[in-house]
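Structure, as structure tokens:
The values are calculated or read from the model by the stated rules, or taken from the named source; none is laboratory data. In this text, all values refer to a predicted model and were calculated from it rather than measured experimentally. With ideal geometry, Cβ positions are generated from the backbone for all residues, glycine too; neighbour counts draw on all protein chains shown.
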Amino acid sequence: RKGNCYDNSVMENFFGILKSEFYYNKRFSSIEQFTKELSEYIDYYNNHRIKVKLKGLSPVQFRTQSFFST
């Protein structure tokens, strides 16, 4: 099928949040520091950051709960 602009909306939303919460107003002394902090942020985003749309759970908690309830 032919792709459309809505296919990319989930990633566009994530990158918008990433830039506003992680990247803006920060300075990194090296690529290594940036990579390390980015990895830590992604871990935080997936495992600890709660989302109202996911009933107050993190994405990993929500997926785990959904997996065991089926």
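Descriptive notes on the structure:
- Of all residues in region 24-70 being among the hydrophobic types (A, V, I, L, M, F, W, C) and farther than 20 Å from residue 13 by Cα, the one that is surrounded by the most Cβ atoms within 10 Å (Cβ to Cβ): 34
- Members of region 15-32 that are β-branched (Val, Ile, Thr) and modelled with pLDDT of 95 or more: 31
- Index of the failed condition, residue 20 passing every other in (1) under 18 Å from the mean Cα position of the chain (by Cα); (2) surrounded by 12 or more Cβ atoms within 10 Å (Cβ to Cβ); (3) assigned to a helix (DSSP H, G or I): (2)
- Remark: pairs (first residue in region 25-48, free of Cβ contacts under 8 Å to residues at least 40 places away in the same chain; second residue among the aliphatic types (A, V, I, L, M); Cβ separation under 6 Å; 6+ apart in sequence or on different chains) = 46/60; 47/60.
- From the options 63, 27, residue that is out of contact with any Asp or Glu (no Cβ under 6 Å at 6 or more places or on another chain) and outside any helix (DSSP H, G or I): 27
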